[in-house]
1. Consider Thr3 carefully, then state whether it is assigned to a strand (DSSP E or B), in contact with a Gly (Cβ under 8 Å, 6 or more places away or on another chain) and surrounded by fewer than 17 Cβ atoms within 10 Å (Cβ to Cβ).
2. If Lys75 satisfies all but one of (1) touching a residue at least 60 places away in the same chain (Cβ under 8 Å); (2) part of a loop (DSSP other than H, G, I, E, B); (3) of a type in the set (Lys, Arg), what's the number of the condition it fails?
3. Evaluate the following for Gly41: is it of a type in the set (Gly, Ala, Ser) and closer than 15 Å to Lys75 by Cβ?
4. Please give the number of the condition Leu100 fails out of (1) of a type in the set (A, V, I, L, M, F, W, C); (2) out of contact with any Lys or Arg (no Cβ under 9 Å at 6 or more places or on another chain); (3) modelled with pLDDT of 95 or more.
Amino acid sequence: MATIYKNAFYDPANTDVLTIYTTPDDSRAIIQNIQVVNTSGSKTVDFYIYDASANVTYLAAHGSITGPTICNFAKGPIVLEENDIISAQSSSTSNISAVLAILETNRNQQ
């Protein structure tokens, strides 16, 4: 079993819901941090978890932030199972970005 540390980035090109990370079908993942940076203005940001086993999307985090600000939207670890997806949507595409710190455990690699 391999443990892989990864980053996933959110840098929106539009205000639609955008996929940031999809858990591989042979892995589980723990989102340890969702660091959002807003360099100017006021924005809202939502993070969603798609639970592939239940075929349901949940709102996992919501925030209104005024820049310049850096904040963590994950108030604790978020566990993603096989094929689960984390995505985000912001009210603006300018001056907003995020980085997710992910610990992925893959059953098939050694």
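The values are calculated or read from the model by the stated rules, or taken from the named source; none is laboratory data. Keep in mind that this is a model prediction, so the values were computed, not measured. Cβ placement follows ideal geometry from the backbone for every residue including glycine, while neighbour counts extend to all protein chains displayed.
1. Against the criterion (assigned to a strand (DSSP E or B), in contact with a Gly (Cβ under 8 Å, 6 or more places away or on another chain) and surrounded by fewer than 17 Cβ atoms within 10 Å (Cβ to Cβ)), Thr3 does not qualify.
2. So the condition that Lys75 fails would be (1).
3. Working: of a type in the set (Gly, Ala, Ser): yes; closer than 15 Å to Lys75 by Cβ: no.
No.
4. Unmet condition: (2).
Yes or no, residue by residue, for (1) out of contact with any helix residue (DSSP H, G or I) (no Cβ under 7 Å at 6 or more places or on another chain); (2) of a type in the set (A, V, I, L, M, F, W, C); (3) part of a strand (DSSP E or B):
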position	(1), (2), (3)
Cys71	yes, yes, yes
Glu82	yes, no, no
Ser92	yes, no, no
Ser97	yes, no, yes
Ala101	yes, yes, yes
Glu104	yes, no, yes
